[in-house]
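A.B. asks: Have a look at the structure that comes next, please.
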Amino acid sequence: MPSIDICFSPELLPLFDLRGRVAVVVDVLRATSSMVTALAAGVPHIVPFAELAECRAMAAQGYLTAAERDGRQAEGVDLGNSPFGYLDGVVPVAGRNVAITTTNGTRAIHLSLAADAVVLGAFLNVGAIADFLRRQQKDVVVVCAGWKGNFCLEDTLFGGALAARLHPDFDVTSSDATLAALDLWETARADVGAYLLKSAHVRRLNSLESHQDMAFCVKQDEYDLVPIWQDGRIV
Ligand code: 3SL
């Protein structure tokens, strides 16, 4: 039976051998939620960058550019990191490819590329991810983007939600990280939004007046799609 493990921070990735496994990269608030939303809104592909300058340079190739640093939209780009940037119609996105860089999420993607497959998870597509993983029948590592190397509640909660969806078809008991995430999920599942009000990143987003983003990002199964890394882009 395949297993699911959870890497609480990209800083811990050197402790994991991703070869032969599927990496589910998650940054609930907000990078992977925004990328899932972008693809659902008709963006054909997304190229994630670690560096702002590389991302900005993609405008010359016709890409929309999206960039966030410390929760704010960076200067000189088309979009920030709110999922509503792909929904509100201010910048038309359907049919446009996107180059994106964020503080933690895009870095976590690049650090996970040793895996057999890299997919992007969020509450918005958690059911689609669970179905995909069942078809793969490979061990899974959830890579939490965290915040600047630190543990964060929202990505760990996603790990618990995914493990709960995969049980009993996956082994969810051989990793203490997964057991902890499942316990956290049991505590929070009745009202994830209310639970996350105490989290550091929700406080950070509230201070930036991004109030509506958290309520959207905790919705489950809004989109039936699995963003996957293919030839240097996410499709
Ligand atoms: O760090 C990231 O990748 C972002 O998701 C952080 S923020 O939600 O845009 O502040």
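A.B. asks: Which cross-chain or sequence-distant (5 or more) residues have an amide H under 5 Å from the amide H of Leu79, H modelled 1.01 Å from N in plane?
C.D. replies: Correct list: Thr65, Ala66, Ala67.
A.B. asks: At a 1.4 Å probe radius, carbon and sulfur cover how many percent of the accessible area of the range 4-222? Provide the component values of the computation, followed by the final result.
C.D. replies: On the way: 4290 of 8670 Å².
That fraction is 50 percent.
A.B. asks: List the aspartates and glutamates whose alpha-carbon lies under 15 Å from that of Lys138, not counting same-chain residues fewer than 8 positions away?
C.D. replies: Counting by Cα, and skipping residues close in sequence, Lys138 has these aspartates and glutamates nearby: Asp5, Asp17, Asp116, Asp169, Asp171.
A.B. asks: Sticking with this one: So with the 1.4 Å probe, I'd like the accessible area per residue for the chain, rounded to whole Å².
C.D. replies: On the way: 9650 Å² over 235 residues.
Per residue, the chain has 41 Å² of solvent-accessible surface.
A.B. asks: I would also like to ask the following. When the convex hull of the Cα atoms of the chain is projected onto a plane and the area is averaged over all directions, what value comes out in nm²? Before the final figure, lay out each step's value.
C.D. replies: On the way: hull surface 45.9 nm².
Over every viewing direction, the Cα hull of the chain projects on average to 11.5 nm².
A.B. asks: Calculate one ³J(HN,Hα) per residue across the range 98-103 by plugging θ = phi - 60° into the Karplus curve 6.51 cos²θ - 1.76 cosθ + 1.60, and present them in order as whole Hz with x for glycine and proline.
C.D. replies: 10, 9, 9, 9, 9, 4
A.B. asks: While we're here: What FRET efficiency comes out for Thr173 versus Arg204 if R0 is 45 angstrom and r is the Cβ-Cβ distance? Round to the nearest 0.05. Don't jump to the answer; show the numbers that get you there.
C.D. replies: On the way: r = 34 Å, r/R0 = 0.75.
Working from the Cβ atoms, E equals 0.85.
A.B. asks: Lys198: which lysines have alpha carbons under 30 Å from its alpha carbon, excluding same-chain residues fewer than 8 sequence positions away?
C.D. replies: Excluding near neighbours in sequence, the set is Lys148, Lys219.
A.B. asks: What list of ³J(HN,Hα) values in whole Hz, one per residue of the range 198-211 in order, does the Karplus curve 6.51 cos²θ - 1.76 cosθ + 1.60 (θ = phi - 60°) give from phi, with Gly and Pro shown as x?
C.D. replies: 7, 6, 4, 6, 5, 4, 5, 5, 4, 5, 9, 6, 9, 4
A.B. asks: Also: Under a crude label model (7 Å from the Cα following the beta-carbon direction), how far is Gln61 from Leu87 in nanometres?
C.D. replies: The modelled label-to-label distance comes out at 2.9 nm.
A.B. asks: Could you grab the relative contact order for the range 4-222? Cα pairs under 8 Å, six or more apart, rounded to a whole percent.
C.D. replies: On the way: 423 pairs, mean separation 70.8, N = 219.
32 percent.
A.B. asks: Between Ala194 and Glu51, what is 0.36 nm times their sequence separation minus the Cα-Cα distance? Round to one decimal in nm. Let's see the in-between values first.
C.D. replies: On the way: separation 143, 0.36 × 143 = 51.48 nm, distance 3.38 nm.
Roughly 48.1 nm would be gained on extension.
A.B. asks: With θ set to phi - 60°, apply the Karplus curve 6.51 cos²θ - 1.76 cosθ + 1.60 along the range 6-16 and write out the HN-Hα couplings as whole Hz, x wherever there is a Gly or Pro.
C.D. replies: For the range 6-16, the Karplus-derived couplings read 10, 9, 6, 7, x, 5, 8, 4, x, 7, 10 Hz, x marking Gly and Pro.
The values are calculated or read from the model by the stated rules, or taken from the named source; none is laboratory data. What you are looking at is a predicted structure, and each value in this text was computed from that prediction instead of being measured. In this analysis, Cβ positions are derived from the backbone assuming ideal geometry, glycine residues included, and neighbour counts consider all displayed protein chains. The accessibility values were calculated without ligands, DNA or RNA, using every heavy atom of the protein model including side chains. Shrake-Rupley method; radii C 1.70, N 1.55, O 1.52, S 1.80 Å.
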